[in-house]
Each structure stands twice: as structure tokens, then as C-alpha cells.
Amino acid sequence: MNQFRIRMFAVILTLCGAMSSFAQASDFTLNDINGQSLSLSSMRGKVVVLDFWGSWCIWCIRGIPDMKKYYEKYKNKLEIIGMDCGDSDEKWKAAVKKYELPWKHVYVPKNSKVLDNYKIEGFPTKIVIAPDGTVLKKVVGESPDFYEYLDQYFISH
């Protein structure tokens, strides 16, 4: 194998992320917007979308209308957990209120291992988790791929 192919293989592995689909989702317990503990394991039995975002992220904000549309479309079949990253507590709560985000929200403090555990390298990042806790899909950036995946998943399940 020549050097170019080796480098390309390394780039592909990096872009795919070390967290592959079909791995078990890492459990966490974080405070929700009301100060109550919320753990991922409490959502077992449901499809869960972890939406890593921040009010400072223009692509996260631009994706809100589509997220709202898909939340309405599938709210009886899935739970979305907004995973706020990089905001102060005040800015996070103000953004949830300003954009009228109807799903669950937790605050990811700077000292949390959640970003490392999920290999978050860009925002927004959306991770789809099956009812058994298996990671099904990871989408970095605001992309129609995420919404197409949800449609395909719910058509087949």
C-alpha cells in the first residue's frame, strides 16, 4: 500500500470517528433545564436522539425549524435530548425559551466526560440511539442525512 492510500485510510477513520454505529451508548446523568437529574438509561425502550448544540452555533440555530418539524412528526416514537455545550447556564436557558424548544434538555458542564465519550468534534452533532441503547447513527453538521435517516428508520420499524 503506498503512502497516499495509507494517509487516505487514516483520514477516513478520523472522519468516521472512533465511535462506530452499533456500539452501546455511553450512559450519563446530567441536570435538565429544571435542575432535575436525567440519565440516558432512563430512556431505555425508546429511540433517543442526542442533539449536541449551543446557542453560539449558527448551524445549530439554523437547524431548529427542521428539528421542531421532526419532533412533531415522531414525538410519539422518539425522545430528543438537547445537549447544550459551551453556553453559560443563563444563555442555555434563554435559548431554549427564545427558540421554544419542546423536547428535553440537559446542560453539559465543561468538566463532563460526555463530549469525549461520544467523540464530539463539531456542532451540531446528532446521535440516534435504538431502544436497546445501541448507537444507530451519528451525523456531524446540519444535514438532510439525519432527517432522511429518521424517516427510513421509522418506516422500517
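Over the Cα atoms of the stretch 69-157, the radius of gyration divided by the Kirkwood radius equals 0.96; this is the Rg/Rh ratio. Overall, the ratio between the Cα radius of gyration of the stretch 50-98 and 2.2 N^0.38 Å, rounded to two decimals, is 1.16. The residues of the chain expose, per residue, 58 Å² of accessible area to a 1.4 Å probe.
Using helices alone, I'd like the mean residue ellipticity at 222 nm for the chain: each DSSP H run of four-plus residues gives -39500 (n - 2.57), total over residue count, nearest 500. Numbers along the way, then the final one.
Details: 6 runs with 57 residues, N = 157.
Helix-only estimate at 222 nm: -10500 deg cm²/dmol.
In the chain, what percent of the accessible surface is made up of carbon and sulfur (1.4 Å probe, ligands and nucleic acids excluded)? Before the final figure, lay out each step's value.
Numbers: 4900 of 9070 Å².
Here it works out to 54 percent.
Computed about its Cα centre, the charge dipole of the stretch 36-157 is approximately 240 debye, with only Lys, Arg, Asp and Glu carrying charge at their Cβ.
Which of the residue pairs LYS73/LYS126; LYS73/LYS113; LYS46/LYS137; LYS46/LYS110; LYS73/LYS110 have a Cα-Cα distance greater than 26 Å in the structure shown? The pairs that break the limit, which is 26 Å between Cα atoms, are LYS73/LYS113; LYS46/LYS110; LYS73/LYS110.
Solvent-free Debye calculation, one equal scatterer per alpha-carbon of the stretch 18-81: log10 I(q)/I(0) at 0.13 Å⁻¹ equals -0.45.
If one computes P(r) from the Cα atoms of the stretch 91-141, what percent of pairs lie at distances over 14 Å?
Working: 846 of 1275 pairs.
I get 66 percent for the Cα pairs in the stretch 91-141 exceeding 14 Å.
Binning the C-alpha pair distances of the chain at 10 Å intervals from 0 yields a P(r) profile of 10, 40, 35, 10, 3, 0 %, listed from the shortest bin outward.
Extending 7 Å from the Cα toward the beta-carbon at both ASN34 and LEU115 defines two label points whose distance is 2.8 nm.
The values are calculated or read from the model by the stated rules, or taken from the named source; none is laboratory data. Since we're looking at a predicted model, the values are computed, not measured. Methodologically, a virtual Cβ is constructed for each residue, glycine included, from the backbone with ideal geometry; neighbour enumeration extends over all protein chains shown. To get the accessible areas, we keep the full protein, side chains included, count just its heavy atoms, and leave off ligands, DNA and RNA. Shrake-Rupley method; radii C 1.70, N 1.55, O 1.52, S 1.80 Å.
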